[in-house]
1. So what does the Cα-only Debye profile of segment 108-221 read at q = 0.16, 0.17, 0.19, 0.23 Å⁻¹, as log10 I(q)/I(0), no solvent term?
2. Rank by packing, highest mean first: peptides 150-162, 120-132, with packing defined as the count of other Cβ atoms within 10 Å averaged across residues.
3. Would you count, across segment 98-221, every pair of lysines whose alpha carbons are under 22 angstrom apart, provided the pair is eight or more residues apart or spans two chains?
Amino acid sequence: MVPLMSCRDSSPAEVLHPSQDDISQGAHRTGQGKSGVWCLASWNVRTLLDVDGPIETARQQNDDERVDVVDERKIDQVVAELRKYKVDVAGLQETKWFGRGVYIVSDSVVIAAGRPVPGAGVVKRRGEGVAIVLSRAAVEAWKCGGSKWKKWSSRLVSAELMVDSSKGEVLHVVSCYAPTFGASREKDSFYSLLQDVLSSVPSKENFCVAGGFQCSCGLKE
């Protein structure tokens, strides 16, 4: 997995309107976490697969919470690393997971979206996959907002967090992974869908996009 970039503190205004020096940072702190700020990050994990075995990423069902409990896997390492850096909300890319779901990992919640689960006899071709990891504080904000989330595609997933219930302030978190190769039609479709996601956010509410856009600068030689 690719190392998570270091975090730093910044005001909500700096996060919503970053300077040129801020653009390359891997994580920002904002929101209403336990210490008054939240750390937001993006991480291309390359894969969360441990073995090329069962399609399911979870093997136990928690009927009370109606979410799955994930076994000891790479996702546990990711959550532990995010906790180490005190990251409250993280967008993950290239999980390579199939299907969609909400999983409990330690005291965090992982909201995942991937390719449809292949049917019987169909060759399993894994790819892309995105997720949003919420810390304990972020989980409370997510539940306060109605536990709302949506899989837009295997490259786009979003969740709503009630960051300030007294003022009704909502933060929309989007995790995305742009196509690396392929026809321009696929790329156009991705960015068109991303625009639909952002357009769905009410004008008085904030949003944060955490993802990999596979951008390059300069001319090809």
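Computed from the coordinates by the stated procedures, all read-outs in this text should not be read as laboratory data. Everything numeric here is computed off the predicted structure, so don't read it as measured data. Positions of Cβ are backbone-derived with ideal geometry, glycine not excepted, and every protein chain shown enters the neighbour counts.
1. At q = 0.16, 0.17, 0.19, 0.23 Å⁻¹ the computed log10 ratios are -0.82, -0.89, -1.03, -1.29.
2. Packing proxy ranking, top to bottom: 150-162, 120-132.
3. So the count of such lysine pairs works out to 11.
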